[in-house]
Structure formats: C-alpha cells, structure tokens
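**Q** Quick one: this structure, given as structure tokens, is what I'll be asking you about.
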Amino acid sequence: IITLSDLECDYINARSCCSKLNKWVVPEVIGHAVVTVLMLISLHWFIFLLNLPVATWNIYRYIMVPSGNMGVFDPTEIHNRGQLKSHMKEAMIKLGFHLLCFFMYLYRLVSKLAPK
C-alpha cells in the first residue's frame with residue numbers, strides 16, 4: 001500500500017515501484033496456496049473456504065499476466081485505465097482480509113491453549 005501510494009504521489013517512478021511489488025507476487029501466491037492446502041488437510045473447513053477465493057484470485061492474477069508485461073505490476077500500464085486505483089483497492093481488501101485472518105487464528109490459538 002505504501003509503495004503504491006508513493007507512486008500515486010510521484011515520490012518514486014513506475015519502474016522501481018513495479019519491480020518492488022513484483023518481487024513479492026510469487027511468494028504471496030505460494031504462501032497463500034500452502035496455507036489453503038494446509039487448512040484443507042487439517043480439516044478446518046471454514047478457514048479453508050475463507051482462504052480459497054483469495055488463493056484462487058492470486059493464482060488467476062499471476063497466470064493471466066500478458067506475455068510482454070514485466071509482471072503483475074507493469075510500469076507501462078500502471079497509470080493507464082485506472083490500474084493504480086484498482087491495485088490500491090485490491091491491496092486494501094487484502095490488508096483487511098489478512099487482519100481478519102490474523103485475529104481469527106489468534107482467537108483459535110488462545111481458545112485451544114486456554115485451560116478448560
């Protein structure tokens with residue numbers, strides 16, 4: 001979010017912004033896919049179903065990158081067609097999702113460790 005807002009305010013150029021953001025796309029896809037599969041294996045159905053759409057969206061976004069682009073975030077297209085706004089919106093939604101998941105996991109951990 002900070003990198004995208006820096007680009008929006010012209011504190012950094014589009015190429016350096018996109019290279020910083022593209023560096024984290026593959027680890028995000030792998031990490032989220034691993035967490036989703038682990039929730040399926042451990043039979044935590046609610047958390048699995050909560051993570052499945054986000055994992056699917058991350059994989060879809062990574063697979064659908066056009067062949068000439070630098071990555072998911074492309075410096076030549078980030079200012080065109082409102083992509084910067086959509087990337088900011090997506091980052092804010094993911095931040096909310098990860099905060100929700102953090103507190104759900106924390107609650108689950110505390111409820112399992114609390115004496116009965």
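**Q** Expected output is a single nm value to one decimal: the length gained when fully extending between residue 79 and residue 112, i.e. 0.36 nm times separation in residues minus the C-alpha distance. What is it? Mind dumping the intermediate values first?
**A** Numbers: separation 33, 0.36 × 33 = 11.88 nm, distance 4.73 nm.
Contour length minus Cα-Cα distance gives 7.2 nm.
**Q** Could you list which residues have their amide H under 5 Å from that of residue 69, counting only those 5 or more apart in sequence or on another chain, with H placed in the peptide plane?
**A** none
**Q** At a 1.4 Å probe radius, carbon and sulfur cover how many percent of the accessible area of the stretch 46-116?
**A** Values: 3730 of 5120 Å².
It is 73 percent, rounded to a whole number.
**Q** Quick check for you: with a 1.4 Å probe and neighbouring chains kept, what is the accessible area per residue of the chain, in Å²?
**A** Details: 8040 Å² over 116 residues.
On a per-residue basis, 69 Å².
**Q** Additional query: Report the extension gain between residue 43 and residue 101 in nm, rounded to one decimal, defined as 0.36 nm multiplied by the number of residues separating them, less their alpha carbon distance. Walk me through the numbers before you get to the answer.
**A** Values: separation 58, 0.36 × 58 = 20.88 nm, distance 1.66 nm.
Here the answer is 19.2 nm.
**Q** When all protein chains stay in place, what accessible area (Å², nearest 10, 1.4 Å probe) is found for residue 112?
**A** 130
**Q** Kyte-Doolittle mean at least -0.5 and Cα extent at least 15 Å along the axis: which DSSP H helices of the chain qualify?
**A** Values: long enough: 25-41 (24 Å, 2.12); 45-63 (26 Å, 0.96); 83-113 (44 Å, 0.50).
Within the chain the helices that satisfy the rule are 25-41, 45-63, 83-113.
**Q** Continuing with the same structure: For residue 15 and residue 70 in the same chain, what is the full-extension length gain: residue separation times 0.36 nm, less their Cα-Cα distance, in nm?
**A** Full extension from residue 15 to residue 70 adds 18.9 nm.
The values are calculated or read from the model by the stated rules, or taken from the named source; none is laboratory data. Since the model is a prediction, treat every value here as computed from it, not as a measurement. Keep in mind that these areas ignore ligands, DNA and RNA; they rest on the heavy atoms of the full protein, side chains included. Shrake-Rupley method; radii C 1.70, N 1.55, O 1.52, S 1.80 Å.
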